[in-house]
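Chemist: Here it is, the structure in full.
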Amino acid sequence: MSGQDLRWDVIVDQKGIPQVVIELLAPLAELDDDWDGYGALAPRAGALKAAADVLVEWGRSIPSPQVMASVGGGVLLEWESRDVDLVVDVGAEGGVSVYVRACDAESEGPLDEHRQEAEQALALLALTS
């Protein structure tokens, strides 16, 4: 079993992970180190697990995000509309920070400190999608 398989097992083995979340993250689990040709790290198990946890916590009522690997082994989840931007940056070890722009206001920092703003942005995005 490769390191690749171990990362994927972290997500698939979690009980209660909806298939839609697995499908969103599956392409990232298939990446190898140097996926960008410049030495980027493949998403690490901690990042994949934390990204899955965020998506499960926020539930099915949210629009699907754009899902991308970050060069440091993390995962980026991004939602955007004309009036709202929400970026969730999950670090390689699973730390989660957010950037929120909604209603002409911006905030950024750890998710635990900006959860309310992130959830308000998601509610606005759900209304406009």
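The values are calculated or read from the model by the stated rules, or taken from the named source; none is laboratory data. It should be emphasised that the depicted structure is a prediction, and the values quoted were computed from it without experimental measurement. Note that each Cβ is placed from the backbone with ideal geometry, even for glycine, and that neighbours are counted across all protein chains shown. Keep in mind that these areas ignore ligands, DNA and RNA; they rest on the heavy atoms of the full protein, side chains included. Shrake-Rupley method; radii C 1.70, N 1.55, O 1.52, S 1.80 Å.
Chemist: For helix 3-12, what angle does its Cα long axis make with the longest principal axis of the chain, in degrees from 0 to 90 and rounded to 10?
Modeler: Between the helix axis and the principal axis of the chain, the angle is about 50 degrees.
Chemist: Within 10 Å, at most 15 other Cβ atoms, and a DSSP state outside H, G, I, E, B define an exposed site. Report the longest part of the chain free of exposed trypsin sites (Lys or Arg not before Pro).
Modeler: 83-129
Chemist: Please give the solvent-accessible surface of Val100 in Å², to the nearest 10, using a probe radius of 1.4 Å with every protein chain present.
Modeler: Ignoring ligands and nucleic acids, Val100 comes out at about 10 Å².
Chemist: Oh, and also: Roughly how many percent of the accessible protein surface of the range 15-89 is carbon and sulfur, given a 1.4 Å probe and a whole-percent answer?
Modeler: 51 percent
Chemist: Determine the per residue accessible area of the chain with all protein chains present and a 1.4 angstrom probe, expressed in square angstrom.
Modeler: Spelled out: the 1.4 Å probe surface of the chain, per residue, equals 55 Å².
Chemist: Given N residues in the range 51-103, what is its alpha carbon radius of gyration divided by 2.2 N^0.38 Å?
Modeler: Its radius of gyration relative to the 2.2 N^0.38 Å reference: 1.12.
Chemist: Next question. Mind checking Rg over Rh on the chain, alpha carbons, Kirkwood formula for Rh?
Modeler: Dividing the radius of gyration by the Kirkwood radius yields 0.98.
Chemist: Sticking with this structure for a sec: Counting each DSSP H run of 4 or more residues in the chain as -39500 (n - 2.57), what helix-only mean residue ellipticity at 222 nm follows after dividing by all residues, to the nearest 500 deg cm²/dmol?
Modeler: It lands at -13000 deg cm²/dmol.
Chemist: For the chain, what relative contact order do you get, as a whole percent, if you take Cα pairs closer than 8 Å and at least 6 residues apart?
Modeler: 18 percent
Chemist: Taking the Cα centre of the chain as origin and charging only Cβ (+1 Lys, Arg; -1 Asp, Glu), how large is the dipole, in debye to the nearest 20?
Modeler: 360 debye
Chemist: What's the extension gain from Glu93 to Ser64 if we count 0.36 nm per residue and subtract their Cα-Cα distance?
Modeler: 8.1 nm
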